[in-house]
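Data block below; observations after.
No value in this document is a laboratory result; all are computed from the given coordinates. Remember, it's a predicted structure, so these values are computed and weren't measured experimentally. Don't worry about glycine lacking a Cβ; one is built from the backbone with ideal geometry, like all the others, and counts go over all protein chains shown.
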Amino acid sequence: MQDSDRLALHGGPKTIKEPFGRYNSIGEKEAQAVARVLESGVLSRFLGSWSDDFYGGPIVRAFEEAWADRFGVSHAVTVNSATSGLIAALGAAGVEPGDEVIVSPWTMSASATSIMVWNAIPVFADIEDETFGLDPAAVEARITARTRAIVVPDIFGHSARLDEIMAIARRHRLKVIEDAAQAVNALDRGRHVGTIADIGVFSLNYHKHIHTGEGGVCVTNDPELAERMQLIRNHAEAVVATKGAEDLSNLIGFNFRMPEMEAAIGLAQLEKLEVLTASRREAADQLTRGLSDIPGLRPPVVRQDCTHVYYTYPLLLDAEEMGVSRARVLEALSAEGVPALMGPYANLHLLPMFQRRIAYGRNGFPWTSGVYGGEVSYEKGICPTAEDLHDGRHMGLEMCAHTYTEDEVALVIEAFRKVFSGLRALAV
Ligand SMILES: *Cc1c(COP(=O)(O)O)cnc(C)c1O
């Protein structure tokens, strides 16, 4: 064996010697936009009472209009995070204490905790291992008389099986909320992911394709849902009497308001959306070309007529074919200098909160409350595909962590090829 073939883990030379540059979407345009807001002196114009300023300042409104235009929806409601957006969406959708809401275990925790904010019960359904979205058959099997809604994450930047899930939801009169936090500008049969369900929620946090530091946008074509989200965003309880609102349910308001500077940054970011998501897609396509012939490794699947935006680049491993565990492979790749490796992912049902059923207070609320009469399970085994993937078959690369120039991607490919041809050495 030549010394250059020796794995870095075993003292050989590292494939990636210099750290990659940080992914940075912020530039001169954003700086100028922020400066203009500062000069105006109006950093937010929201008022938590019924007046023209209830809907926020001029830049917040311009950003909402631009977002709705860009995504082809009638209403965009900005918020201070996607977490806030999910809370507003579930409240607007009429989720009540004791209701069950079906959600994926493979998502960020806020997809499930936003359900609990309304004292409803998250019910986890299994995912499919092609694109890691909710499995429609698993969703249908979880529906009970208590089910009110479904939260569908478009995880990693690929559309979930939304047409099938929407058909099931319509049959059972359930509301569907798309958590499109990772999937901005992803397409599914020509439609923007995030705009297919009753409400879609995008994230603008620092780690996403485009961002405003912190922020989020909810979209819907239903004017009533839009209005309820606007109320929940901005102190609904203080507004309903003067504004006039018939249905008071869930109109406990929050302060989920986006400031003007963030909206100004958002407007500049929106103009870069296509270029920025295309750059992640190009890096991912290059990875796929370089990795697809490696035995034991399966690059991501993109379903027909879908566009993946690769918030992360997921890979499937075949431990039997490889003869070593994922943990060993990750260790070896990391030693070669590959950054932003991920695995294992999520499995929310196994979080301590669900295992011990302790959320609000110490006594098991909301599961033990009189209003919940169901029998949800969070046992290991309820989501076999998600668990199997978690336990060793899935790994990935965070694509919004680094720039990933063509040369950098070539180095990542080289590191994978080196590690996978050295698997025998890893096994011992
Ligand atoms: C990032 C993310 C969120 C939360 O977004 P914030 O804007 O940070 O609140 C929710 N769901 C998913 C799937 C995410 O990736």
Could you work out [θ]222 nm for the chain from helices alone, using -39500 (n - 2.57) per DSSP H run of at least four and dividing by all its residues? Round to the nearest 500 deg cm²/dmol.
-10500 deg cm²/dmol
Averaging 1/r across every pair of distinct alpha carbons in the range 78-148 and inverting yields a Kirkwood hydrodynamic radius, in angstrom, of 12.6 Å
Rounded to the nearest 20 Debye, what is the dipole magnitude of the range 186-249 about its Cα centre when Lys and Arg each give +1 and Asp and Glu each give -1 at the C-beta?
320 debye
Output the pairs from LYS14/LYS208; LYS17/LYS208; LYS14/LYS272; LYS272/LYS380 with a Cα-Cα distance over 31 Å in this structure; if there are none, say none.
LYS14/LYS272; LYS272/LYS380
Compactness of the range 187-340 - radius of gyration and Dmax, Cα, Å
21.5, 68
Of the GluC sites (Glu not before Pro) in the range 193-274, which ones lie in a loop per DSSP and count no more than 11 other C-beta atoms within 10 Å?
GLU246
Using the 2.2 N^0.38 Å rule of thumb for compact globular proteins, work out how the range 269-353 stacks up: its C-alpha Rg over that value, please.
1.30
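How big is Rg to Rh over the range 23-63, alpha-carbon atoms, Rh as the Kirkwood inverse-mean-distance radius?
Values: Rg = 12.9 Å, Rh = 11.7 Å.
Using Cα coordinates only, the ratio equals 1.10.
Largest first and in whole Å, give the semi-axes of the chain's equivalent ellipsoid, each being the square root of 5 times a Cα gyration tensor eigenvalue.
39, 28, 17
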Magnitude of the Cβ-charge dipole of the range 1-100, K/R +1 and D/E -1, about the Cα centre, nearest 20 debye?
500 debye
Can you list residues whose amide H is under 5 Å from VAL123's amide H, if they're 5+ apart or on another chain and H is modeled 1.01 Å from N?
VAL101, ILE102, VAL103
So who's got an amide H within less than 5 Å of the one on SER44, skipping anything under 5 residues away but keeping other chains? H placed 1.01 Å off N, in plane.
GLU260
Reference-scaled alpha-carbon Rg (2.2 N^0.38 Å with N residues) for the range 260-414
1.35
Amide H of GLU96 versus every other amide H placed in the peptide plane: which residues, excluding those fewer than 5 positions away on the same chain, fall under 5 Å?
none
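With the Cα gyration tensor of the range 193-265 in hand, convert its eigenvalues to equivalent ellipsoid semi-axes via √(5λ) and list them largest first in whole Å. Spell out each step's value before the answer.
On the way: eigenvalues 125, 52, 15 Å².
Value: 25, 16, 9 Å, ordered largest first.
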0 to 90° range, to nearest 10: angle between helix 28-40 axis and the chain longest Cα axis:
30 degrees
For the chain, the longest principal axis of the Cα atoms and the Cα long axis of helix 223-233 enclose an angle in degrees, to the nearest 10, of 80 degrees
Normalise the Debye intensity by I(0) for the range 120-244, one equal point scatterer per Cα, no solvent, then take log10 at q = 0.09, 0.19 Å⁻¹ and round to two decimals.
-0.29, -1.10
Overall Cα dimensions of the range 24-143 - principal axes, largest extent first, Å
55, 37, 25
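Using only the C-alpha atoms of the range 351-423, find the volume of their convex hull and express it per residue in Å³.
Working: hull volume 11.6 nm³, N = 73.
Per-residue hull volume (Cα only) is 159 Å³.
To the nearest 20 debye, what is the magnitude of the charge dipole of the chain about its Cα centre, counting +1 on the Cβ of each Lys and Arg and -1 on the Cβ of each Asp and Glu? Before the final figure, lay out the partial values.
Numbers: 40 positive and 57 negative charges, 125 e Å.
For the chain, the charge dipole is close to 600 debye.
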Can you give me the angle between helix 58-71 and the longest principal axis of the chain, using Cα atoms only, in degrees from 0 to 90, rounded to the nearest 10?
60 degrees
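Taking the alpha carbon gyration tensor of the range 64-115, what are the square roots of 5 times its eigenvalues, largest first, to the nearest whole Å? All intermediate terms of the calculation are to be shown ahead of the outcome.
On the way: eigenvalues 113, 34, 20 Å².
For the range 64-115, the ellipsoid semi-axes come out as 24, 13, 10 Å.
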